[in-house]
1. Would you calculate, for chain A, the mean residue ellipticity at 222 nm contributed by helices, counting each DSSP H stretch of 4 or more residues as -39,500 (n - 2.57) and dividing by all residues, to the nearest 500?
2. HN-Hα J couplings of region B:49-59 from phi, Karplus 6.51/-1.76/1.60, θ = phi - 60°, integer Hz, Gly and Pro as x?
3. Pop the C-beta distance of residue B:104 and residue B:243 into the FRET formula with R0 = 25 Å and round what comes out to the nearest 0.05.
4. I'd like to know which of B:283, B:366, B:74 lies farthest towards the positive end of the charge dipole of chain B, counting +1 on Cβ of Lys and Arg and -1 on Cβ of Asp and Glu.
5. When you count, for each residue, the other Cβ atoms within 10 Å and take the mean per peptide, how do B:94-101, B:487-494, B:188-195, B:70-77 rank with the highest first?
6. Note down the nm distance, to one decimal, between modelled labels 7 Å out along Cα→Cβ at residue A:10 and at residue B:36.
7. Sorted by mean Cβ packing within 10 Å, highest first, what order do the peptides B:327-335, B:567-575, A:69-77 take?
8. Relative to the compact globular guide of 2.2 N^0.38 Å, what is the alpha carbon radius of gyration of region B:50-192, as a ratio?
Amino acid sequence: MSTRRGLSLIEIVLGMAILATFAGPLAYLFISSNRSRVSARDMSVAMNLSNCYLSALKDLPRSSLGVLAPTLDSAVSSDFSPHHLEIPDSPERFTRELEIREIPVPEGLSKAYRMIVKVNWDRGSDRKKGEFILESILPSEPW
Amino acid sequence: MDLRGGNYKARRGFLIPVILVVLSILVVLGFTLHQMSQHQLKQVSHAARREVLYHWASSGLDLTLDALKKTADFLNDTDSSTRPKRLKAAEGIQPFLDLFLDPQGDFEISEEKLEWIPPVPIKDAYSESAPSVKVQIELRGIRPVYAGLSGPGLKLDESECRFWIHIRSEASDLLSKISVSGFSVSMLVQIQPSILGKFVLLLRTKGGLNLNSITDSTELTNLNAYPVSVFSGDSIPPDNSMTMTSAAELLDSRGWIFLGGADPWNFRLGNGGGEDSFASGMIPGAIFHSSIPPDEPLHTEPELSYVWSLRGVFPELGSSNQFSKSFDRVPASQLKHSTTLNLQGTQAQPSPTLVLGSTLLNYALLQGIHNENTGKTFYLPWLTEPEFMGTDWPAGGAVALVQYLKGNYLNNYSNYKRRMSGIEVQEINERNLSLVDLGSSKSVVDPATISPVSIKDAESVRLSAAGFPVHFFEKIHSTTHKVANDRGEVMWEGSNLGSLSDLQFLSARARMIFPDGPTFINSMESTGGVLKFPGGILWVRSDLELNRELLVEPGKGGILIVDSGIKIKNSIQTSGGEPLSLVSLGEGIRVQTAQELQCGLIALQGAMSLPPAFTIRGMLAARELELRSGSGSGNREIYYNDRFDPTDSTNYKNHFRLLVSGPWHRFVE
């Protein structure tokens with residue numbers, strides 16, 4: 001009777017074969033999902049980092065606007081620094097860069113500045129860099 | 001052994017189903033997780049794209065607001081170098097002109113729509129993937145400022161209006177689009193204080209004003225105060241050099257004076273302490289000569305001639321030998337005090353004007369006989385008939401001389417009377433004839449002697465009274481006036497200007513309302529303690545004390561309406577004569593500074609209280625005038641700013657203001 005209670009070799013072999021067949025795709029499915037989730041989270045963080053920076057810059061007195069070469073937020077002058085603007089610093093893996101350019105406008109309009117906030121982050125998994133850029137143009141004179 | 005027994009059958013191959021079930025669950029979980037994470041990623045990507053689009057659309061709105069502000073600033077700029085507007089507008093604001101101007105370049109608000117692509121590089125090498133941005137600007141909901149308002153006499157301008165400006169800025173790429181909209185109420189209003197702006201001085205009643213309060217003299221130090229001098233425009237000498245037509249045009253273009261009430265305003269022209277800058281204007285300074293007519297015995301004396309001149313009144317006319325004590329018999333009360341108001345400027349700056357209201361001028365007419373050989377003049381004294389018949393003439397004239405003179409007039413008082421010195425009375429507007437070349441050198445022209453042809457040329461284009469044209473040398477005290485501009489467009493009709501007291505119609509133009517004075521003061525931008533008037537029509541719902549300097553920059557003029565009283569304790573400066581009017585709807589205006597006020601002051605229901613010294617460059621209109629006395633003295637001057645003149649149609653158009661001011665309400669579509 002006891003020999004009749006065990007699993008047959010065929011069952012085991014077949015079971016292993018089935019598992020082996022589905023394990024790869026399943027693992028890929030889970031890993032891929034995780035990557036997407038991480039990407040979405042990183043993108044969301046980058047978006048918030050750039051949005052809050054750009055919005056805070058737009059609230060500054062227009063007289064304080066001036067040309068700025070691409071500079072990491074940790075190195076910008078006090079007027080534009082995250083601390084002065086009371087916005088969060090960039091978390092680990094993320095860098096935030098600010099650039100302000102004067103752009104040509106037709107005669108009769110106020111001088112205008114193009115503000116570019118670029119957020120980069122280390123995606124880790126594929127050793128590639130993530131990047132999100134937010135831009136806005138602001139006249140130099142307030143309404 | 002029965003391999004087909006029941007127990008064996010139940011157990012066989014159970015591992016495979018278990019694995020399949022587990023695998024199925026894992027696959028379902030895996031796919032679900034995958035779908036969820038992909039969805040999440042898509043959502044975040046979509047949100048990120050919309051964030052990018054939002055900022056570009058928002059940039060489009062900001063650029064449009066800047067262009068609108070620049071357009072309004074340019075259209076509100078009264079500098080002549082900015083005209084004609086359509087030709088002189090900069091490239092960047094050219095597209096916006098059609099929104100606010102008619103083809104001739106005048107303001108016209110109608111329901112317009114404009115598509116605009118901000119002319120700035122949205123895409124550049126750095127961001128080639130930037131979206132396209134387009135903006136739509138729309139004017140809608142236009143309604144007249146004065147809806148439901150009307151007033152006797154006043155013609156309200158229906159082109160003054162409120163309207164919505166709606167801006168929709170849309171940013172789009174291949175996958176998505178987003179719009180940011182902004183809207184605000186804007187206004188097109190006139191910043192001149194309506195018909196009041198035509199008057200350099202408008203007083204509805206005399207009130208308690210003493211019209212002749214200056215203790216005059218030939219010595220400046222004897223004056224108890226300086227008279228208030230009113231200047232209606234540039235200085236014009238009364239030198240008989242103009243034609244009737246040019247004089248009529250000149251007087252039409254100057255600031256007028258309105259003096260209300262039924263009783264005449266009776267002024268004695270002043271001598272200003274012998275100073276031309278205080279003596280009443282529009283009196284010829286010259287001494288006129290004429291030969292003695294043949295019917296008078298003195299005609300045979302070739303060295304003798306008649307001389308006469310016009311002067312203000314002062315006590316020395318009756319006491320000084322310089323004037324042969326010729327006014328010795330004139331009641332002293334008629335010589336002691338002279339006018340409080342020099343309505344026609346001063347001797348130094350004569351200022352002809354048109355005065356509405358019954359206004360009489362009393363002046364001294366000095367007449368005498370001049371001896372060419374001795375260079376001396378004997379002024380023939382004012383005498384009553386009994387005094388004439390006697391020999392006790394003033395100035396200690398010898399009996400022989402008196403007899404000699406009486407003989408010249410055949411002992412007839414009537415003959416003497418027209419040659420003697422005395423106080424003469426004249427309607428103020430008659431003085432305007434001294435501008436005109438009437439072919440004679442008479443210092444006083446009797447209007448009855450003017451030819452009908454010349455009278456026709458003297459008609460005012462802008463003013464009529466009781467349905468008839470007004471001539472600039474006539475008294476004007478009708479109860480119904482009609483004022484039109486230089487193009488014949490009626491601005492006031494069918495009522496006495498003195499009845500205008502309710503200025504609530506001005507508050508209909510207000511774009512900002514403040515509950516009290518301090519709130520208004522605090523709302524103003526200031527630099528170094530100097531307040532900057534923000535421009536437009538503002539309304540303070542209580543009283544107001546201005547104790548800091550107020551500056552009005554070009555294009556920032558307007559009207560400040562105050563429900564109650566206004567106290568002014570510091571200077572008001574404007575750039576380029578930009579008109580600013582301070583209007584008290586209640587108890588009046590109290591000026592408490594000698595510093596210059598470059599503004600119009602209006603208090604038709606209250607008093608205008610002015611200090612011992614003041615300078616106003618603008619205009620002044622009040623129910624009544626109060627002149628406060630005080631220690632020391634200083635100039636008291638009111639200069640007309642012709643930028644207040646609404647009857648100059650070009651000037652009137654130049655003072656419409658496009659108030660595109662915000663706040664802008666924004667929303668995302």
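No lab work stands behind these numbers, since they all come straight from the coordinates. Predicted, not measured: the structure shown is a model, and the values here were computed from it. For neighbour counting, all protein chains shown are included, and Cβ atoms are generated from backbone atoms with ideal geometry for every residue, glycine included.
1. -14000 deg cm²/dmol
2. Result, ordered by residue: 5, 5, 4, 4, 4, 4, 5, 6, 5, 5, 4 Hz.
3. Values: r = 32 Å, r/R0 = 1.29.
Rounded to the nearest 0.05, the efficiency is 0.20.
4. It is B:74, whose Cα lies furthest towards the positive end.
5. Those peptides, ordered most packed to least, come out B:188-195, B:70-77, B:94-101, B:487-494.
6. Inter-label distance under the simple model: 4.0 nm.
7. B:567-575, B:327-335, A:69-77
8. Relative to the 2.2 N^0.38 Å estimate, region B:50-192 comes out at 1.25.
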